[in-house]
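**Q** Would you mind keeping the following structure in view while I ask a few things?
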Amino acid sequence: MKIFFLCRTGHHTSLLAAGLHLGLIKGSKGLRHVVLGIRGWNDINLKDVGTPFYVGMDKDNNEIYTIGIASNSFMMERVVNEIIKLIGIEAEERRIINVSEAVSGWTRIGLAIKKMHLNSLAKMAFNRGIESELKKVQPILRKSNITTC
Amino acid sequence: MNIIYHCYGGAHSSVTAASLHLGWLPTDRLPTDQELKALPYFDRPIGKDHGNIRFMGKDEFNNEIYVLGRRNESKVFENMATGLLEVFGVSSNDYQFINVMPYVNWKMVVGGFSSRKLLITPIGRPIILAGVKYAYWQIVSLVQSVKICIASNNSIRATTVEE
């Protein structure tokens, strides 16, 4: 099965969710340092938002991806589902978890700054949002029956 | 092959392009108001319908034609669609994503907003019809370009079917 985590960019909140599922993030100790070390964190050109990013394989051999769906999150989640349906992929072969609700104010600010090409400043804002996003992501994963380590 | 015409709301320009592709609209004259209004989905979808890929029909070469309203996320949609094809190991040659937004004019924007967002259809629809007619030859040209681009694929399939 392939599991897709969705957020605004595919390289912030959804990567946190994927990291939690894959066991790359364990607890909140040294959280910021751990997150900054995850491959792909904040490594996004805004022109490439939408392109699926392969994060890794979980213990059940599911392939884990993240996708950026920009700001129209519910509509774009529907588009992801529609494309997959059009390709002819069965429901059992994929799962889609939208964690856009967990995007923090700091990440929104970071995105606005990133659009102005002030990348260092944007990175600071993204890093500030990590803790609050983690708290919001965990209940979404629990609700979706996604295991976390 | 699957061809998806996409625009902001999936209600006007993409529906017109898809209908032209399917031969439902003339290419030697401007369509009448009645012909446009009779098209399936023309000036009908509203905000909550955005994001649904809707099947319009099959063309003469059995290509499936779809329309999609994806608001302002054209680049995100195209990145996502091509990326997902790759992830699932599907050939990108079997799918074409055609953005019709470059041919949308201010009349279609104002008319579409009045008719679909504000739901003042009696005011919005005549403005849209004028806008579609204004952009019509550009959309005809786009669809003809698409047909030429996919023609080589079609001829191969047609030969295979005959054999």
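**Q** Kindly write out, for the range A:83-98 in residue order, the coupling ³J(HN,Hα) from the Karplus curve 6.51 cos²θ - 1.76 cosθ + 1.60 (θ = phi - 60°), rounded to whole Hz, with x marking Gly and Pro.
**A** Once θ is set to phi - 60°, the couplings for the range A:83-98 become 5, 4, 5, 5, 5, x, 8, 6, 4, 6, 8, 8, 9, 10, 10, 8 Hz.
**Q** Share of the protein assembly as shown's accessible area from carbon and sulfur, percent, 1.4 Å? Kindly include the intermediate steps, with their values, before the conclusion.
**A** Numbers: 8000 of 14960 Å².
That share works out to 53 percent.
**Q** Right, here's the next one. I need the peptides B:105-114, A:72-81 ranked by packing, meaning the mean over residues of other C-beta atoms within 10 angstrom, with the highest value on top. Display every interim value, and only then the final one.
**A** Numbers: B:105-114: 18.2, A:72-81: 20.2.
The most tightly packed comes first, giving A:72-81, B:105-114.
**Q** Follow-up. Nearest 5 is fine: what % of DSSP beta bridges in the range A:1-131 come out antiparallel, could you say?
**A** Counting only bridges with both partners in the range A:1-131, antiparallel ones make up about 25 percent.
**Q** While we're here: Tell me, which residues of the range B:65-110 get at least 30 Å² less accessible area when the other protein chains come in, versus the chain alone (1.4 Å probe)?
**A** B:R71, B:E73, B:V76, B:N79, B:M80, B:L84, B:V87, B:F88, B:Y95
**Q** Now for a different question. Sort out for me the Cα centre separation of the range A:21-65 from the range B:42-88, rounded to whole Å.
**A** 29
**Q** Tell me, which residues of the range A:33-55 get at least 40 Å² less accessible area when the other protein chains come in, versus the chain alone (1.4 Å probe)?
**A** A:P52
**Q** Enumerate the calculated ³J(HN,Hα) couplings along the range B:124-141 in order (Karplus 6.51 cos²θ - 1.76 cosθ + 1.60, θ = phi - 60°), each rounded to whole Hz, writing x wherever the residue is Gly or Pro.
**A** After applying 6.51 cos²θ - 1.76 cosθ + 1.60, I find x, 4, x, 5, 4, 4, 5, x, 5, 5, 5, 8, 4, 5, 5, 5, 4, 4 Hz.
**Q** Also, I was wondering about something else. May I ask which of A:K47/B:K107; A:K143/B:K48; A:K26/B:K75; A:K26/A:K135 have a Cα-Cα span longer than 23 Å here?
**A** Details: A:K47/B:K107 29 Å; A:K143/B:K48 25 Å; A:K26/B:K75 35 Å; A:K26/A:K135 13 Å.
A:K47/B:K107; A:K143/B:K48; A:K26/B:K75, as the Cα separations exceed 23 Å there.
**Q** Can you tell me what percent of all Cα-Cα pairs in the range A:31-128 are more than 19 Å apart? Intermediate values should be presented prior to the final figure.
**A** On the way: 2436 of 4753 pairs.
Tail of the P(r) past 19 Å holds 51 percent of the pairs.
**Q** Sticking with this one: What does the charge add up to near B:H50, with Lys and Arg as +1, Asp and Glu as -1, over the other residues with Cβ less than 15 Å from its Cβ?
**A** In short, +3.
**Q** To continue, here is another question. Suppose each label sits 7 Å from its Cα in the direction of the beta carbon; what would the B:F113-A:M1 distance come out to in nanometres?
**A** The modelled label-to-label distance comes out at 4.4 nm.
**Q** About the Cα centre of the range A:1-75, what is the dipole size in debye to 20, counting +1 per Lys and Arg Cβ and -1 per Asp and Glu Cβ, all else neutral?
**A** 240
**Q** Hey, can you rank B:50-63, B:5-18, A:31-44 by average C-beta count inside 10 Å, highest first?
**A** Values: B:50-63: 17.3, B:5-18: 27.7, A:31-44: 15.4.
Listed from highest to lowest mean packing, they are B:5-18, B:50-63, A:31-44.
**Q** Total accessible area buried between chains A and B, 1.4 Å probe, in Å² to the nearest 100?
**A** For chain A against chain B, roughly 2200 Å² becomes buried.
**Q** Going 7 Å from the Cα of B:K37 along its beta-carbon direction, which residues of the range B:113-148 have the amide nitrogen within less than 13 Å of the resulting point?
**A** Output list for this probe position: B:121-130.
**Q** Follow-up question, since we're still on this one. Would you mind working out the accessible area per residue for the protein assembly as shown, using a 1.4 Å probe, and quoting it in Å²?
**A** Accessible area per residue: 48 Å².
**Q** Counting only Cα atoms, I'd like the Rg/Rh figure for the range B:15-136, Kirkwood definition for Rh. Can you show the working numbers first?
**A** Details: Rg = 15.4 Å, Rh = 15.7 Å.
In the range B:15-136, Rg relative to Rh is 0.98.
The values are calculated or read from the model by the stated rules, or taken from the named source; none is laboratory data. Everything numeric in this text was worked out from a predicted model, so none of it was measured. Note that each Cβ is placed from the backbone with ideal geometry, even for glycine, and that neighbours are counted across all protein chains shown. Areas reflect the complete protein model, heavy atoms only, side chains present, ligands, DNA and RNA absent. Shrake-Rupley method; radii C 1.70, N 1.55, O 1.52, S 1.80 Å.
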